[in-house]
Amino acid sequence: MAKKIYKSLPDMSKARNRVDAPLLRREDVVVPPLFASFAKGRKYWISTFGCQANVRDEEIMAGFLSIAGMERASEESSADLVIINTCAVRENAEEKVYGEIGKFKANHLKDKNFILAVCGCMMQEENIAKALMERYPFVNLIFGTHNVPDLLSLLEEHLEKKKDIVEVLSFPGSIVENLPSTRLDDYKAFVNITYGCDKFCTYCIVPYTRGRERSRKKEDILAECRELVEQGYQEITLLGQNVNSYGKDFKDGTNFASILEDVANLGIPRLRFMTSHPWDFSDDMLDVIATHPNIMKCIHLPVQSGSNDVLRRMGRRYTREEYLNLVRKIRLKMPSCAITTDIIVGFPNETEEQFEDTLTLCEEVGYDAAFTFIYSPRKGTPAAKMVDDVSSSAKHERFDRLIKVIEKSVIGHAEQMVGETYAVLVDGPSKKDPGMLSGYTESSKLVHFRGPKQLRGHIVPVRIVESHTFSMIGELVEDPWISLAKDVAKDLLQEDAAKRFFATKKAMEDDPEVARLRDAIQEEQRALALAMKDGDDLAYAHHKKAYEQNKRAYEEHPLVRNLAASSEELKQELLSVVGELS
Ligand code: SAH
Ligand code: SF4
Ligand code: F3S
């Protein structure tokens, strides 16, 4: 009997299909019985490669597993279920995956119940899943990007049939709401606004691995962001392969500028978005970014090449001149806005002059940062069929020259920051030096500085004292405990307990009966003092009785009692926050 069940394998021609409208699913999570008993007391590990789309998928898969009762393992070797979430964008991303799968052979040998699953964009490529199953017999489950919402039922099927399962759907894709999520961070979050991509740049595999471009409904995005704001998140990044295309599929005038503005108005301290395509970057978007202080002035604007001929062959839909014009418009509106980019070197038949066009464009823009890649042919894409006459050594040599040009502008921007103070969102102890904290400025510059670990997740002012190419050294401008106290006070005022306290206090101030009782108490106090002065025992006894009656009525008044209760509640809240900090 075959050990493997191939339910569906990817098909690039189906993956190109843009005809069917995407399905909208809104489902409750059901934990199937066999997996529920597997999950009990067991731990998972998810190893993610690639971009933020994959990171978000990891969080959703972790959400499913945690509802089923599993916990995240503290290290990969102790996990009972491992999911490898792959990327297909370049060859080197794929090579890393093979090494990663190999690492888990030991877990498989140690424990016959161990489950190894492989998912993500690489599984959407033709021929990969089958080859993987043959080369690595200890892989138990393979699924694609469209199958993430069905994770639990796939695991159940594996347990029930005691077979290794492959299910990779190739279709235009669906939108699934009510997805569970265990976020990797408790102060920075990614929120998907669109899925897939319809641009079909000729070198790129993403439109085939992630399906058609489809937008989530505005209400669903806002509900997710509102919840994050209420939970105290400091930063939201709106995600899409092309965020500028948001809403185009609704054909009702909904657009990215409006969702960006609506999310900004929810009051999240930092709002970012990625990626914006230079082709459909509207003036409305620029206006919204410029007018909202909580939208970070940092735009990732992948150019890919500075040559019009290469851009045309890449299918990028803009010219060098249009791109530079957009950069000028951004700088005119927001002079200090950081601009970052992605560049591909060595696209098929790129000439020396065409490469130099990329260098001059980089010099003209003066990027704050750039992700540079050597072109990697992706099977099934149009560019992979182009005959390429550029040698690999020429590509590497151009790559090194490009990096030098980029470094020049990056260092230039960094040097200008020395002596200035910037707001930094603290990520916690630095990975390289645990004695230092690290965080990012509004324009996404990495800063290291000394401070207490309790600042993690807080935004603090930091003065830059030293600049390096990829990071800065800074020092706290304010006593860290004062910064924390200010944040705690701000957070506390947002708590329900504080809102109740202030509402009751206001109701009490506005209530005529409470005001009358207060006046009466004062009146009786005055009369008491007078009677004492005059030695009038009778009047004293009369006013004392009246004073006590009014005082009791005041203390027993429901609004006064409510205020005392909310004050106690607020005190407990404050003590718990202080407890968390100490
Ligand atoms: N949707 C985003 C980026 C997605 S992929 C955008 O359009 O900007 C991230 C980056 O990988 C791309 O910007 C591109 O620079 C690079 N990339 C994509 N396909 C590649 C390939 N085949 N070879 C080399 N780099 C590639
Ligand atoms: Fe790929 Fe182009 Fe789509 Fe970006 S816009 S994901 S580079 S096809
Ligand atoms: Fe890689 Fe897929 Fe993202 S190919 S870059 S993980 S969309």
When you scan region 329-339, do you find a residue that is modelled with pLDDT of 95 or more, closer than 30 Å to residue 387 by Cα and of a type outside the set (Asp, Glu), even just one? no
Does any residue of region 324-341 turn out to be within 15 Å of ligand 2 (Cβ to nearest atom), closer than 30 Å to residue 12 by Cβ and out of contact with any Cys (no Cβ under 9 Å at 6 or more places or on another chain)? no
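Given the structure, is residue 399 outside the structural domain of residue 362 (by TED's automatic domain parsing) and among the aromatic types (Phe, Trp, Tyr)?
No.
Determine, yes or no, whether residue 27 is out of contact with any His (no Cβ under 6 Å at 6 or more places or on another chain), more than 16 Å from ligand 3 (Cβ to nearest atom) and closer than 18 Å to residue 107 by Cα.
On the way: out of contact with any His (no Cβ under 6 Å at 6 or more places or on another chain): yes; more than 16 Å from ligand 3 (Cβ to nearest atom): yes; closer than 18 Å to residue 107 by Cα: no.
It is false that residue 27 is out of contact with any His (no Cβ under 6 Å at 6 or more places or on another chain), more than 16 Å from ligand 3 (Cβ to nearest atom) and closer than 18 Å to residue 107 by Cα.
Of 323, 318, which residue is of a type in the set (Ser, Thr, Tyr), assigned to a helix (DSSP H, G or I) and either at pLDDT below 95 or more than 16 Å from ligand 3 (Cβ to nearest atom) (or both)? I'd like the intermediate steps shown before the answer.
Values: 318 fails: assigned to a helix (DSSP H, G or I).
Result of the check over 323, 318: 323.
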Is it true that some residue in region 148-160 is surrounded by fewer than 21 Cβ atoms within 10 Å (Cβ to Cβ), more than 30 Å from residue 426 (Cβ to Cβ), small (Gly, Ala, Ser) and in contact (Cβ under 8 Å) with a residue 40 or more places away in the chain? yes
Restricting to region 363-402, and then to whatever is within 28 Å of the chain's Cα centre (by Cα) and over 14 Å from residue 348 (Cα atoms), can you tell me which residue is nearest to ligand 3 (Cβ to nearest atom)? 371
Answer from 184, 169, 154, 141 - the residue that is at pLDDT below 95 and among the hydrophobic types (A, V, I, L, M, F, W, C): 169
Hits in region 122-136 - residues which are within 17 Å of residue 49 (Cα to Cα) and open to solvent by 20 Å² or more (accessible area, probe 1.4 Å): 128
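Considering 222, 228, 239, which residue is at pLDDT 95 or above, within 16 Å of ligand 3 (Cβ to nearest atom) and not charged (D, E, K, R)?
Testing whether each residue is at pLDDT 95 or above, within 16 Å of ligand 3 (Cβ to nearest atom) and not charged (D, E, K, R) leaves just 239.
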(1) out of contact with any helix residue (DSSP H, G or I) (no Cβ under 6 Å at 6 or more places or on another chain); (2) without any contact (Cβ under 8 Å) to a residue 60 or more places away in the chain all hold for residue 87 apart from (1)
Could you run through region 158-209 and say how many residues are more than 16 Å from ligand 1 (Cβ to nearest atom), within 25 Å of the chain's Cα centre (by Cα) and on the phi > 0 side of the Ramachandran plot? 1
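Has region 486-500 got any residue that is at pLDDT 95 or above, more than 23 Å from residue 334 (Cα to Cα) and open to solvent by 50 Å² or more (accessible area, probe 1.4 Å)?
Taking region 486-500 and keeping what is at pLDDT 95 or above, we get none.
No, every residue in region 486-500 fails to be at pLDDT 95 or above, more than 23 Å from residue 334 (Cα to Cα) and open to solvent by 50 Å² or more (accessible area, probe 1.4 Å).
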Of everything in region 422-440 that's buried (at least 20 other Cβ atoms within 10 Å of the Cβ) and within 16 Å of the chain's Cα centre (by Cα), which residue is nearest to residue 270 (Cα to Cα)? 425
With respect to the numbered conditions (1) among the aromatic types (Phe, Trp, Tyr); (2) buried (at least 23 other Cβ atoms within 10 Å of the Cβ); (3) more than 20 Å from residue 207 (Cα to Cα), which one is the sole condition not fulfilled by residue 143? (3)
Residue among 48, 145 that is within 24 Å of residue 240 (Cβ to Cβ), of a type in the set (Val, Ile, Thr) and within 16 Å of ligand 2 (Cβ to nearest atom): 145
Quick check on my filter: what residues within region 305-351 are small (Gly, Ala, Ser), within 16 Å of ligand 1 (Cβ to nearest atom) and open to solvent by less than 10 Å² (accessible area, probe 1.4 Å)? 305, 306, 307, 346
Provide a single number: the residues in region 175-216 that are in a strand (DSSP E or B) and open to solvent by 20 Å² or more (accessible area, probe 1.4 Å). 3
Suppose the filter is under 21 Å from residue 213 (Cα atoms) and more than 16 Å from ligand 3 (Cβ to nearest atom); does residue 296 pass it? no
Over region 276-290, the set of residues surrounded by fewer than 20 Cβ atoms within 10 Å (Cβ to Cβ) and within 18 Å of residue 192 (Cα to Cα) is none
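The values are calculated or read from the model by the stated rules, or taken from the named source; none is laboratory data. As the structure is a computational prediction, the values presented were derived from the model and not from experiment. Cβ coordinates were reconstructed from backbone atoms using ideal geometry, including for glycine residues, and neighbour counts include every protein chain displayed. Accessible surface is based on the protein model in full, side chains and every heavy atom, while ligands, DNA and RNA are left aside. Shrake-Rupley method; radii C 1.70, N 1.55, O 1.52, S 1.80 Å.
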